[in-house]
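J.: This is the structure I have questions about; it appears just below.
The values are calculated or read from the model by the stated rules, or taken from the named source; none is laboratory data. Just so it is clear, the model here is predicted, and its values are computed rather than measured. Cβ: placed from backbone, ideal geometry, glycine included. Neighbour counts: every protein chain shown.
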């Protein structure tokens, strides 16, 4: 089924206690990280979306209870000169998660078929070829046992404008906004066309897209974290691991039996 961003513009408020829901989903996420560590699994979480859609806020809350030794957040900006001299996927191969790790991408290889396409940084033949290259890249990671979650955070033009104004008016948030945000805003129609093609070409069985209605921040955070949690749990055994008998014997000798 074709993904239509117009279906994700209601911006309904979160129905429930936000603090309790956030704590509950963060507890599940903490267990998921442990499951990846003890089961030797790896995962990638990809977040794409409009400027000011809330990717950073979702990532902050997603990783809040994670052990920093076993995850990495990769904020993806424009490629360096050295990276430009390689295939566009080269820099992402070097950011793939090892076993027991989760890699979170704040923007990703989809820049090839979004900003590089719209702004003319990639030739038409390059971005058209990239759909197959991306699908094959993700299929290779899935075949190697890496779970892939892809989220797109969508907001309307009106909501984006409100958030950009808020950033400009707040001296402690101005650093989040640059000229690129307004350049991209001015070309929204072209970006919508590129997004439509991206969904149509790369919404695959092994790496499907999940679109989040991000017009209400709290509801979007719970929805995004729930989507990540549900999809990661489906690809890793969530049964608590048995205690190593040798470790149990060592603990019993030094600590004695636990309370009845």
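J.: Going through the stretch 121-156 one residue at a time, which ones are more than 22 Å from the chain's Cα centre (by Cα) and in a helix (DSSP H, G or I)?
T.: Once the filter is applied, which keeps residues that are more than 22 Å from the chain's Cα centre (by Cα) and in a helix (DSSP H, G or I), the stretch 121-156 yields 124, 125, 126, 128, 129.
Okay, residues lined up against (1) within 30 Å of residue 11 (Cβ to Cβ); (2) in contact with a strand residue (DSSP E or B) (Cβ under 8 Å, 6 or more places away or on another chain):
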residue: 208; (1), (2): yes, yes
residue: 213; (1), (2): yes, yes
residue: 216; (1), (2): yes, no
residue: 231; (1), (2): yes, yes
residue: 235; (1), (2): no, yes
residue: 239; (1), (2): no, no
residue: 244; (1), (2): no, no
residue: 249; (1), (2): no, no
residue: 255; (1), (2): no, no
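J.: Would you check if there is a residue in the stretch 100-108 being crowded, with 16+ Cβ neighbours inside 10 Å, more than 19 Å from the chain's Cα centre (by Cα), at pLDDT 95 or above and closer than 16 Å to residue 52 by Cβ?
T.: No.
J.: State all residues of the stretch 73-99 that are within 22 Å of residue 54 (Cα to Cα) and surrounded by 15 or more Cβ atoms within 10 Å (Cβ to Cβ); if no residue qualifies, say none.
T.: 73, 74, 76
J.: Further, regarding this structure: Evaluate the stretch 45-55: report whether one residue or more is surrounded by 16 or more Cβ atoms within 10 Å (Cβ to Cβ) and part of a helix (DSSP H, G or I).
T.: yes
J.: Just to be sure before I move on: is residue 219 under 26 Å from residue 196 (Cα atoms) and within 16 Å of the chain's Cα centre (by Cα) in the structure I sent?
T.: In short, no.
J.: Given the conditions (1) under 30 Å from residue 39 (Cβ atoms); (2) touching a helix residue (DSSP H, G or I) at 6+ places or on another chain (Cβ under 7 Å), and given that residue 144 satisfies all but one, which numbered condition is not satisfied?
T.: Every listed condition holds for residue 144 apart from (2).
J.: Is it fair to say residue 189 is under 30 Å from residue 28 (Cα atoms) and modelled with pLDDT of 95 or more?
T.: Numbers: under 30 Å from residue 28 (Cα atoms): no; modelled with pLDDT of 95 or more: yes.
In short, no.
For every residue, the table says whether it meets (1) at pLDDT 95 or above; (2) out of contact with any helix residue (DSSP H, G or I) (no Cβ under 7 Å at 6 or more places or on another chain).
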| residue | (1), (2) |
| --- | --- |
| 176 | no, no |
| 180 | no, yes |
| 224 | yes, no |
| 227 | yes, yes |
| 240 | no, yes |
| 243 | no, yes |
| 258 | no, yes |
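J.: Among the residues of the stretch 198-216, is there at least one that is assigned to a helix (DSSP H, G or I), within 23 Å of residue 64 (Cβ to Cβ) and out of contact with any helix residue (DSSP H, G or I) (no Cβ under 7 Å at 6 or more places or on another chain)?
T.: no
J.: Filter the stretch 56-71 for residues that are farther than 23 Å from residue 19 by Cβ and surrounded by 15 or more Cβ atoms within 10 Å (Cβ to Cβ); which is farthest from the chain's Cα centre (by Cα)?
T.: For the stretch 56-71, the residue satisfying everything is 70.
J.: Further question on the same structure: What's the total number of residues in the stretch 198-208 that are crowded, with 16+ Cβ neighbours inside 10 Å and over 25 Å from residue 161 (Cβ atoms)?
T.: Result for the stretch 198-208: 3.
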